[in-house]
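K.L.:
Pasting in a structure now, in structure tokens, and then I'll have a few things to ask.
The values are calculated or read from the model by the stated rules, or taken from the named source; none is laboratory data. Since we're looking at a predicted model, the values are computed, not measured. Neighbour counts run over all protein chains shown; Cβ positions are idealised from the backbone, glycine included.
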């Protein structure tokens, strides 16, 4: 429905001409009647006195004095009517001026009110559109809520709250375990570092001992040959070795605590496991240990690196 439009009824000139044309036939009679009585040829003012009638004759026509007296009374009435008309015109003019001022003031008020109502109507239309959109969205939510609540496979809010509490407890326990594993891993890494350092130090000692034995063997090899050379090599190789009947020290013989600190994956292939089997079977002579030293050094280093890599992967997965 289209809203009605308001506009000014008439222009000022059209309004004035309308009032002038409308009031002229009514007001001119009050002015025209005194003018006709004063300035027309038939007016009593221009009538001359008549000659006296002969004796013994009578006439029914009024005398001039009576006519003038009547004319005077009529003129007074006409002038009083003209005066009252002039006063009425002045009052109407003043009243029209006041009404025009009041109309202008009320016009400004009405225009301001119309503008305010128009802007308010626009705002209300916008709010109505938003409300309709929100209503449609709520209806969609109601449909989804009905589908959810009508599903018998879903649990109630209380059951879901209990499950959420259980999950929160499990998450807290897992976080505590993760922190404990992290602390344990740091301790094991530190202990593993110490074990690796001790193993490298032991390998350096074995290497120094081997170089010392080779140096002495080279010095004695120039003097004796054959069996004497082998005897000298046997005597030299006995330096720094345990007594007869003793077992050869291996990298894994530092104690059970060091073996426990090593991960199981590393413990399976560690030289300590093999060394225990060798110790159970019997002692190994120093000559055989010196012959296998480079291979053992390579195996120990590679196995230590593999064990450390496996531990890093396990901690990364955790």
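K.L.:
Only one of 89, 148, 117 is over 39 Å from the mean Cα position of the chain (by Cα) and on the phi < 0 side of the Ramachandran plot. Can you tell me which?
P.N.:
Only one candidate passes the filter, namely 89.
K.L.:
Next question, about the same structure. May I ask you to verify whether residue 203 is over 30 Å from the mean Cα position of the chain (by Cα), touching a residue at least 60 places away in the same chain (Cβ under 8 Å), assigned to a helix (DSSP H, G or I) and surrounded by 10 or more Cβ atoms within 10 Å (Cβ to Cβ)? Can you show your working first?
P.N.:
Values: over 30 Å from the mean Cα position of the chain (by Cα): yes; touching a residue at least 60 places away in the same chain (Cβ under 8 Å): yes; assigned to a helix (DSSP H, G or I): yes; surrounded by 10 or more Cβ atoms within 10 Å (Cβ to Cβ): yes.
Criteria met by residue 203.
K.L.:
Test residue 169 against the criterion of being part of a helix (DSSP H, G or I) and within 48 Å of the chain's Cα centre (by Cα), and give yes or no.
P.N.:
Against the criterion (part of a helix (DSSP H, G or I) and within 48 Å of the chain's Cα centre (by Cα)), residue 169 qualifies.
Yes or no, residue by residue, for (1) within 30 Å of residue 121 (Cα to Cα); (2) assigned by TED's automatic domain parsing to the domain that holds residue 125; (3) modelled with pLDDT of 70 or more:
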| position | (1), (2), (3) |
| --- | --- |
| 3 | yes, no, no |
| 14 | no, no, yes |
| 31 | no, yes, yes |
| 54 | no, no, no |
| 83 | no, yes, yes |
| 88 | no, yes, yes |
| 105 | yes, yes, yes |
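K.L.:
Here are some residues: 161, 131, 105, 114. Which one is touching a residue at least 12 places away in the same chain (Cβ under 8 Å) and assigned to a helix (DSSP H, G or I)?
P.N.:
114
K.L.:
So which residues in the stretch 145-154 are assigned to a helix (DSSP H, G or I) and surrounded by 10 or more Cβ atoms within 10 Å (Cβ to Cβ), if there are any at all?
P.N.:
Selection gives 145, 146.
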